[in-house]
Amino acid sequence: MTAYLVAPRRSPVVPRGGALAALEVDALAGPVMWACLAAGGIEGGDVGEVIAGNALYGGGNPARRAALLAGLPESVPAISIDRQCCSGLDAIAHAARLVEAGAAECVLAGGVESYSRTPIRMRRPANEGEEPATYDRPPFTPWPERDPDMAEAALALAVRLGIAEETQIAFAVASHASARRVQALKSREGEIVPLEEVVADLFTRDLSTETGRRSRVLARTGEACLRAATAAVSADAAAFALVVSANWLQANPHVAACRIVDSAAAGSDPCLPGLAPVVAGKRLLARHDLDAGSLAVAEVMEAYAVQAIACIEGLGLDPARVNRGGGALARGHPIGASGAILAVRLFHELQGEPAGSRGLAAIASAGGLGTALLLERA
């Protein structure tokens, strides 16, 4: 069976500690879920499963909490998944497989993250007399020497590929400029679900090259440098979509849709996690005998400018067709929701292309993992 993406919606992306800081993940996700159902004309009881990507909340199955808050019946099951930054895109990929297998006619899938409400993490003492120890993130490999800080990993990528500081800054400036252009056109009114009276991504600004050069140094070695302006800020957001069967779409022909052609996940060197989407994307394109030049649009995660540049070049994408409305550098990075935001953005970009046009979304996560999704405008 074939799976289709319909009614994708997302919240505004707001930096940590901002206008969405008081909202727990269910309060972030619930209104977006409800908006997807309303846009698709689907009753909550017709949803076969809810899948939500989430990385930072600390357990408790936030997918279930959000589904109940969105008004779905208690009979609808929900599951939360975690592949860090890939989680939201993985949720959509897993939903497609459920539909393709005939296990569901409609799945509500996406991701949600609140950096602002992240629990404070502490390790229990291993022995009597020790004190609990706080930590920012869990390990992503068994080997500390192969589990780099993400900024250090991005710097290593810049050194390996020779991506200069000026190139990174220029990329970040262009990302903000693209996002500002789209905001001025107010062309995302059907994409963004307002929350707390916020109707647009708040971090987008008129970033200049000079401001980028003056921004804080995150990592440096020799002539290679990584600055704050070239890294996505921590943020709060949610993004979801309905994944439906061909039978459902045939019964609802008025709903705009994209066929989920396929998805791929891949592992690569944990020391250079930013390259994992290249492995996943190439695997996906090869599986369908596609050349990157045939893609109408692409949405590539901009956790760091250097990582996005490496993926665009590694996949052979046309830069003019990538992140045409700006990327995470101009929005922020709400970990578990970021992949789902890429899918939402890709869907809406494809609506401006002819039927049959294809687009790719790709994202990396810590530990050397990547996910890619291929959509086709129906």
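The values are calculated or read from the model by the stated rules, or taken from the named source; none is laboratory data. Bear in mind the structure is a predicted one, so any value in this text is a computation, not a measurement. In this analysis, Cβ positions are derived from the backbone assuming ideal geometry, glycine residues included, and neighbour counts consider all displayed protein chains. Areas reflect the complete protein model, heavy atoms only, side chains present, ligands, DNA and RNA absent. Shrake-Rupley method; radii C 1.70, N 1.55, O 1.52, S 1.80 Å.
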Next on the checklist: Distance between the C-alpha centers of the range 256-330 and the range 8-27? Whole Å please.
Outcome noted: 26 Å
Next on the checklist: At 1.4 Å probe size, what's the solvent-accessible area of MET1? Round to the nearest 10 Å².
Outcome noted: 120 Å²
Checklist entry - Is the shape of the range 254-378 best called rounded, prolate or oblate, per the rule: a/c under 1.5 gives rounded, else a/b larger than b/c gives prolate, else oblate, with a ≥ b ≥ c the square roots of the Cα gyration tensor eigenvalues? => result prolate
Item to check | Estimated vicinal HN-Hα couplings, Hz - the range 104-115 in sequence order (Karplus 6.51, -1.76, 1.60; Gly, Pro = x) | outcome: 7, 8, 8, 10, 9, 9, x, x, 8, 8, 10, 5
Checklist entry - Of the listed peptides 127-135, 96-104, what is their order by residue-averaged count of other C-beta atoms within 10 Å, with the highest listed first? => result 96-104, 127-135
Item to check | Area accessible to solvent at PHE171, 1.4 Å probe radius, in Å² | outcome: 50 Å²
Item to check | Label-point separation, THR134 to LEU161 (7 Å along Cα→Cβ), nm | outcome: 3.5 nm
Item to check | Projected-area average for the range 152-233 over all orientations - Cα convex hull basis, square nanometres | outcome: 6.5 nm²
Checklist entry - Along the three principal axes, how long is the chain when you take its alpha carbons, biggest first, rounded to the nearest angstrom? => result 61, 58, 40
Next on the checklist: For a quick check of your reading of the filter: which trypsin sites (Lys or Arg not before Pro) in the range 115-144 sit in a DSSP loop and have no more than 16 other Cβ atoms within 10 Å?
Outcome noted: ARG121
Item to check | Highest to lowest packing among 323-332, 12-21, scored as the average C-beta count within 10 Å | outcome: 323-332, 12-21
Checklist entry - Gain in length, ARG216 to MET122, computed as 0.36 nm per residue apart minus the alpha-carbon separation, to one decimal in nm? => result 31.0 nm
Checklist entry - Å³ per residue of the Cα convex hull, for the range 5-94? => result 100 Å³
Item to check | Furthest towards positive pole of dipole, GLY336, ALA355, VAL322, structure part the range 260-378, Cβ charges | outcome: GLY336
Item to check | Bins of 5 Å from zero: percent of alpha-carbon pairs in the range 1-159 | outcome: 2, 8, 14, 18, 17, 13, 10, 9, 6, 2, 1, 0
